[in-house]
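The values are calculated or read from the model by the stated rules, or taken from the named source; none is laboratory data. Only a predicted model underlies this, so the values are computations on that prediction, with no experimental measurement involved. Positions of Cβ are backbone-derived with ideal geometry, glycine not excepted, and every protein chain shown enters the neighbour counts.
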Amino acid sequence: MKQQKRVLAVEDCPIASRLIEESVGSFFDLSIVDNYQKLQDELPRFNPDLILLDVNLPGEQTGFQICKELQQHPSFSKVPVIFVTGRGEVNDRIMGYKVGGDDYIAKPFDPIELLTRIEARLKKYSSTKRMMIKLGNLVINPSTHQVILEENNERKNLILTNVEYKILLYFANHPDQIVSRAKLLDALGGNNLNVSDRSIDAHVCHLRKKLTGASYQFRSIYGVGYKFSEKSE
C-alpha cells in the first residue's frame with residue numbers, strides 16, 4: 001500500500017482546522033497543531049512533506065517568523081510551506097514569499113483550490129526527493145542532509161556532525177563493500193575536514209551509537225577498515 005504524504009497544519013482557529021481536515025484529511029496523513037510549541041514537538045515526530053501555516057497564532061511567534069525559522073532548519077528547510085491565513089493584503093502576501101513561503105492562500109478558501117495547490121507543491125517537492133537513499137529502515141536525503149530512522153511506526157531525525165554525515169553517505173552509496181581507512185580518507189577529502197586515520201574509528205564509533213535500531217550497521221574488518229551492511233538476525 002502506497003504511503004500517504006504527510007501534511008502538517010498550524011492553525012489555532014477550530015473552524016478553520018475543521019475545514020482543513022474536511023478538505024484534505026482523506027487525501028493525506030494530516031496532523032494539526034495550534035501553536036508554536038506544539039509545532040516544535042510535532043516536526044521531528046511527524047516529519048511532514050508539506051506545512052500549512054497560519055500567520056496570526058497565539059504567543060509571540062507569527063507564521064512569518066516561524067517560516068523564516070524553518071528556512072534555517074537543517075532537516076525542514078526544503079519542506080514546502082503554504083500560508084493559509086485571513087491576512088490577504090498584498091503586503092502580507094509579499095511578506096509571505098519573502099520569508100520563504102511557497103504559496104499563499106487567503107481565508108476563506110475553496111477546499112478544492114487548497115487540495116489542488118497542496119498536490120502541486122507536493123509534486124514539485126517529490127521531484128527533489130527522488131535521489132533519496134533508502135537502506136532498510138534508514139533514509140538519507142542528500143539534498144537536505146536529512147537522515148531518518150524509521151522504527152516502531154515513527155520517523156526519527158538523526159543529528160549527525162558534518163564528518164559523520166559524509167562518512168555515512170559514502171558507505172550508503174557503497175553498501176556491502178569493504179572500505180579501507182585510507183580509501184575513506186581520500187573520499188572525504190582528508191585534511192580538508194580535519195579527519196585523520198585515527199579519528200575515523202572515533203567517528204564510526206559515534207555513528208554506530210546513533211544508528212542503534214537501524215537495519216544496516218557498520219562492521220569492522222580486522223586489519224582493513226569497515227563495511228556497511230544489513231544486520232544479521
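Filter segment 5-56 down to residues that are polar (S, T, N, Q) and without any contact (Cβ under 8 Å) to a residue 24 or more places away in the chain and give me whichever is nearest to E154 (Cα to Cα). Restricting to residues being polar (S, T, N, Q) and without any contact (Cβ under 8 Å) to a residue 24 or more places away in the chain, the top hit is Q40.
Counting only strands (runs of 3 or more DSSP E) that fall entirely inside segment 144-233 and contain at least 2 residues that are over 20 Å from the mean Cα position of the chain (by Cα), the qualifying elements are 178-180, 216-221, 225-230. May I ask you to verify whether Q65 is assigned by TED's automatic domain parsing to the domain that holds K123, part of a helix (DSSP H, G or I) and either in contact with a Ser or Thr (Cβ under 9 Å, 6 or more places away or on another chain) or under 14 Å from G101 (Cα atoms) (or both)? Yes. Scanning segment 150-168 for residues that are of a type outside the set (S, T, Y) and farther than 16 Å from R6 by Cβ turns up E151, N152, L158, I159, L160, N162, V163, E164, K166, I167, L168. Yes or no: Q217 within 23 Å of E154 (Cβ to Cβ) and either of a type in the set (F, W, Y) or at pLDDT 90 or above (or both)? Yes; evaluated as a whole, the condition is true for this residue. Put simply, of E164, E151 the only residue that is at pLDDT below 90 and not assigned by TED's automatic domain parsing to the domain that holds V79 is E151.
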